[in-house]
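Everything below concerns the one structure shown next.
The values are calculated or read from the model by the stated rules, or taken from the named source; none is laboratory data. Note that the structure is predicted; figures quoted are calculated from it, not measured. For neighbour counting, all protein chains shown are included, and Cβ atoms are generated from backbone atoms with ideal geometry for every residue, glycine included. Areas reflect the complete protein model, heavy atoms only, side chains present, ligands, DNA and RNA absent. Shrake-Rupley method; radii C 1.70, N 1.55, O 1.52, S 1.80 Å.
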Amino acid sequence: MESNESAAGRLMQNVESKMTLLNETTSLPYKLSSSYGITALDAEETMSVETIIGEADRKMYRNKSSRSQK
C-alpha cells in the first residue's frame, strides 16, 4: 500500500508536469511554478504544529534547492 507521503509526492509531480506543459504551450508573460514540502504525520506521535510546519518548510527549501541546481 502506498504511503500518504508518497501519494502526495506523486500528486505534486503531476501538478508540476501540468505546469511545465502549460508553460511550454502558452505564451503567458510569466511562468508558473510551485514550492512545497510534504510531511507525514504519525497519529501515535505527538508533534507540535510548529514542528510539523518546520519539517515541511525544510523539505520545501530542499526541494527548491534541488530544482535550482538542475
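Yes/no per residue for (1) surrounded by 10 or more Cβ atoms within 10 Å (Cβ to Cβ); (2) modelled with pLDDT of 90 or more; (3) farther than 17 Å from Asn63 by Cβ:
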| position | (1), (2), (3) |
| --- | --- |
| Ala7 | yes, no, no |
| Leu11 | yes, yes, no |
| Glu16 | yes, yes, no |
| Leu21 | yes, yes, yes |
| Pro29 | no, yes, yes |
| Ile38 | yes, no, no |
Any pair with Cβ under 6 angstrom, 6 or more apart, that starts in region 1-22 at a residue that is touching a residue at least 12 places away in the same chain (Cβ under 8 Å) and ends at one that is not in a helix (DSSP H, G or I)
Asn4/Ala40; Glu5/Ile38; Glu5/Ala40; Ala8/Ile38; Gly9/Ile38; Met12/Tyr36; Met19/Leu32
By residue number, the members of region 41-70 that are in a loop (DSSP other than H, G, I, E, B) and exposed (fewer than 11 other Cβ atoms within 10 Å of the Cβ) are Asp42, Ala43, Glu44, Glu45, Thr46, Ser48, Gln69, Lys70
What are the residue pairs meeting all of these: first residue in region 44-70, first residue without any contact (Cβ under 8 Å) to a residue 24 or more places away in the chain, second residue open to solvent by less than 80 Å² (accessible area, probe 1.4 Å) and polar (S, T, N, Q), Cβ atoms under 7 Å, and 6 or more apart or on different chains?
Ile52/Thr39; Glu55/Thr39; Ala56/Thr39; Lys59/Thr39
